[in-house]
Amino acid sequence: MNVAATGLGVAVAVGVATALAGLVAPARARSAVVGAGTAVSGAAGAVAGVVAVSGGSFSVALPWLLPLSGTTFTLDALGGLFVAVTGAVAVAAGVYGISYARSHGLAARPVQSVFPLFVVTMLLVPAAGSVATFLVCWELMALTSLLLVVAQHRRGAEVARAGRWYAVMTHLGFVTILIGLMVFVAHAGGDSFEALRAADPPRDLVFVLTLAGFASKAGILPLHAWLPRAHPEAPSHVSALMSAAMVNLGVYGLVRVGFDLLGGGPRWWWLLVLALGAVSAVHGILQAVTSSDLKRLLGQSTTENMGLVLVGVGAAGLFATSGDRVLSGLALAAALLHVVNHAAFKTLLFLAAGSVLHATGTRDLDALGGLRPGMPVTTAAFGLGALAASALPPGTAFVSEWLLLQALVHGPSGGGTVATVAMPVAVAAVALTAGLAVATFVKAFGVGFLARPRSPAAARAHESPASMLAGMGLAGLACVVLAVLPTVVLPGVGAALGPALGTGDVAVSGLVTMRLTGIVGSLSPLLLTVALVAGGVVVVGGVRAAATRRARRAARLWDCGGGPLSARMEYTATSFAEPLQRVFDDVLRPETDVDVSHHEESRYLVRAVRYRQKVPDRIERRLYEPVLTAVTAWGRAGRRLATGSVHRYLGYGFYTVCGVLLLLAVTW
């Protein structure tokens with residue numbers, strides 16, 4: 001039997017068995033059983049994905065599983081890449097969740113049994129081979145993730161509010177995908193992907209509808225409103241799965257439908273995708289750089305990174321319409337490599353943020369600081385993740401963003417005026433997000449972990465249990481490998497291009513040095529890392545050697561007569577971001593409030609000054625608030641119709657039937 005099929009079957013069987021074990025296992029052992037079972041399920045799924053990427057694709061039909069339509073599972077190289085990424089993230093999250101669930105009140109039977117089912121549904125979405133199978137798996141993924149988002153609903157109203165936003169947004173996205181694929185199926189001879197490839201549907205309508213649904217899952221503007229709400233409120237290992245694995249499936253759906261099933265499309269499709277990606281990347285990182293909530297910051301960073309991925313997808317489609325297969329393959333390879341890289345460093349960052357929440361009970365960066373002495377492993381893990389996310393060498397995101405910039409810079413000039421303008425704008429957007437990402441994670445790491453603690457909870461911080469550290473260690477190891485030897489995964493990324501572009505050739509060669517074929521460019525992440533480490537060692541060694549030649553004298557720092565330095569004199573996350581906020585003041589439009597209270601004896605003597613600042617999401621203000629206001633007004637008006645009178649309800653029915661009959665008479 002096919003190895004990939006066996007691996008995926010084992011992943012599903014172990015995941016379902018783990019869910020059942022979560023219902024019957026005793027409370028003391030439940031989180032350990034579920035965490036270990038989820039990790040095994042994820043590992044089996046990762047093996048299946050790697051085998052599929054290596055050429056071991058399979059297709060199997062199970063007509064008895066769903067009534068009327070049956071189910072079809074087909075795992076090719078494109079789906080295998082996303083299955084492998086999802087499985088790898090599930091391994092780290094499962095191991096991490098053993099101790100995290102036990103210490104955060106998540107050991108209840110329903111929560112524990114849903115967690116492995118969430119992983120199973122995410123593994124099955126890229127393996128679906130028919131529309132019915134895809135839609136069922138997609139909806140099951142949405143429902144299981146929703147249950148996990150509201151797992152801690154008793155903790156506060158914010159959790160329930162985040163759950164409502166997520167439920168509405170994800171199901172609106174599902175409806176648009178459903179309508180788009182149903183229109184597609186109506187013009188095909190069946191609902192299998194093979195039948196769809198041979199169909200001739202209204203292509204523009206299908207693409208726009210499915211793009212809206214998949215963009216909502218990926219957190220792309222303007223359908224991103226759920227993401228910065230749901231990710232902070234979900235348990236941290238669930239946040240890692242959602243941000244590092246689930247949002248990727250929005251990208252998978254877009255690539256599968258846009259490139260594979262529809263076979264590409266006109267230039268305006270991909271200009272739209274590129275524009276949405278660029279705007280999402282800039283908007284996401286601007287919101288992240290001004291945020292003081294650690295997990296919300298990471299959620300907004302997900303919007304930024306998924307925006308960069310869509311820039312690559314849009315550029316690939318744009319180059320394909322111009323007939324440039326080399327640049328098209330390079331742009332899509334950069335996008336898919338960034339999917340892999342983002343999964344690694346975002347898993348590490350969310351798990352480290354969960355460790356901080358476990359130790360201090362807060363996500364507020366303004367109340368943290370000084371965590372390094374009490375949490376050295378978590379500090380090192382978050383520092384590694386911050387470097388990986390900052391697009392600086394030797395970070396993980398550096399390689400994929402470098403490849404993306406190479407594709408954009410070498411873009412053909414014969415694609416029309418709009419395309420010629422779009423490439424420099426896309427380059428500027430990528431460069432701007434890279435610079436702001438550095439500021440964002442310098443703020444998160446420096447303010448959150450270094451200097452002095454700014455609250456008693458931060459001063460009492462302690463290191464996390466062993467399983468949480470092990471989960472972070474697995475994610476950190478993946479970040480190091482992808483940063484130093486990205487060429488290990490590039491062949492798999494190249495194989496994933498086959499179903500999308502009809503070619504499995506990535507315009508990159510070499511094991512140690514990445515050489516771009518067809519265009520000028522090369523990069524050696526390993527040698528660059530070695531050079532940076534060697535330079536750092538030389539500088540530090542030289543400073544220490546110079547210091548030993550001079551006699552040391554201990555003295556207190558000059559404090560201008562104000563006494564010893566205290567935590568109140570440090571930069572907070574809010575003050576650190578204020579200069580950048582002023583630069584983008586016209587875009588962000590922050591809301592500030594200064595409350596000055598005076599002594600009763602004299603109005604000239606200030607007793608206290610309270611400064612409050614909020615950076616609202618302007619897209620939500622302009623788009624969602626009017627809609628919510630209108631829906632609320634409609635609901636209040638609807639209450640007047642429901643008076644409890646049976647006579648009135650019978651009248652409603654009578655007038656409705658008369659109206660329908662009149663409409664039919666006019667139509668016929």
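Just so it is clear, none of the values below were taken in a lab; they were calculated from the coordinates. What you are looking at is a predicted structure, and each value in this text was computed from that prediction instead of being measured. Positions of Cβ are generated from backbone atoms using ideal geometry, with glycine treated the same way; all protein chains shown enter the neighbour counts.
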Lys, Arg +1 and Asp, Glu -1 on Cβ, resulting dipole of the stretch 618-667 about Cα centre, debye, nearest 20:
220
Mind checking the dipole of the stretch 136-244: about its Cα centre, +1 per Lys or Arg Cβ, -1 per Asp or Glu Cβ, Debye to the nearest 20?
460
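What list do you get for TYR252, TYR100, TYR649, TYR604 if you sort them by fewest beta carbons within 10 Å? The partial results should precede the final answer.
Values: TYR252 24, TYR100 27, TYR649 13, TYR604 7.
By the 10 Å Cβ count, ascending: TYR604, TYR649, TYR252, TYR100.
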Tell me the label-point distance for the pair VAL480, LEU663, using the 7 Å Cα-to-Cβ offset, in nm and rounded to one decimal.
6.5
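Applying 1/(1 + (r/R0)^6) with R0 = 25 Å to the Cβ-Cβ distance of LEU527 and ALA431, what FRET efficiency is obtained, to the nearest 0.05? Each step should come with its number before you reach the end.
Numbers: r = 24 Å, r/R0 = 0.95.
Between LEU527 and ALA431 the formula returns 0.55.
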May I ask you to compute the full-extension gain from ARG161 to ALA546, defined as 0.36 nm times their residue separation minus their alpha-carbon distance, rounded to one decimal in nm?
132.8 nm
Apply the a/c threshold of 1.5 to the C-alpha gyration tensor of the stretch 250-368 and tell me whether it is rounded, prolate or oblate.
prolate
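Sort 51-58, 152-159 by the packing proxy (mean of other Cβ within 10 Å over each peptide's residues), most packed first. Provide the component values of the computation, followed by the final result.
Working: 51-58: 21.4, 152-159: 13.4.
Sorting 51-58, 152-159 by mean packing, highest first, produces 51-58, 152-159.
Counting other C-beta atoms within 10 Å, which of THR121, THR18, THR38 has the fewest, and how do the rest follow?
Values: THR121 24, THR18 27, THR38 31.
Fewest to most other Cβ atoms nearby, the residues stand as THR121, THR18, THR38.
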Residue-by-residue Karplus 3J(HN,Hα) for the stretch 73-90, coefficients 6.51, -1.76, 1.60, Hz, glycine and proline x
10, 9, 10, 9, 5, 5, x, x, 4, 6, 5, 5, 5, 4, x, 5, 4, 5
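Checking the a/c ratio against 1.5 first, then a/b against b/c, what shape does the Cα gyration tensor give for the stretch 160-265?
Cα axes put the stretch 160-265 in the prolate bin.
Report the full-extension gain for the segment VAL377 to TYR655: residue separation times 0.36 nm, less the Cα-Cα distance, to one decimal in nm. Before the final figure, lay out the partial values.
Working: separation 278, 0.36 × 278 = 100.08 nm, distance 6.98 nm.
93.1 nm is the gain from fully extending VAL377 to TYR655.
Quickly rank 167-173, 384-390 as a protection proxy: mean count of other C-beta atoms within 10 Å, highest first.
Working: 167-173: 18.6, 384-390: 26.3.
Final packing ranking: 384-390, 167-173.
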Could you compute the FRET efficiency for THR592 and VAL175, with r as their C-beta to C-beta distance and R0 at 35 Å, rounded to 0.05?
0.35
If I compute mean projected area of the Cα convex hull in nm² from the structure I just sent, which labelled value in [x] 29.4; [y] 39.7; [z] 31.4 lines up?
[y]
Return the distance in nm (one decimal) between the two label points of a simple spin-label model at ARG636 and GLU578, each offset 7 Å from Cα along Cα→Cβ.
3.9
Measure out, as a whole number of angstrom, how far apart the alpha-carbon centroids of the stretch 4-56 and the stretch 164-230 sit.
28
Treating only Lys and Arg (+1) and Asp and Glu (-1) as charged, each at its beta carbon, one finds that the chain has a dipole about its Cα centre, in Debye to the nearest 20, of 1900
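Set the Förster distance to 35 Å, then compute FRET efficiency between LEU23 and ARG460 from the Cβ-Cβ distance, nearest 0.05.
Details: r = 36 Å, r/R0 = 1.04.
With a Förster radius of 35 Å, E is 0.45.
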Can you show me the helix-derived [θ] at 222 nm for the chain, built from DSSP H runs with n ≥ 4 at -39,500 (n - 2.57) apiece and divided by the number of residues, rounded to the nearest 500.
-22500 deg cm²/dmol
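Rounded, prolate or oblate: which one fits the stretch 618-667, using the alpha carbon gyration tensor with axes a ≥ b ≥ c (rounded when a/c is under 1.5, else prolate when a/b beats b/c, else oblate)? Provide the component values of the computation, followed by the final result.
Working: a/c = 8.03, a/b = 1.73, b/c = 4.63.
Since a/c reaches 1.5 but b/c is at least a/b, the shape of the stretch 618-667 is classed as oblate.
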At a 10 Å Cβ-Cβ cut-off, how would you order LYS295, LYS217, fewest neighbours first?
LYS295, LYS217
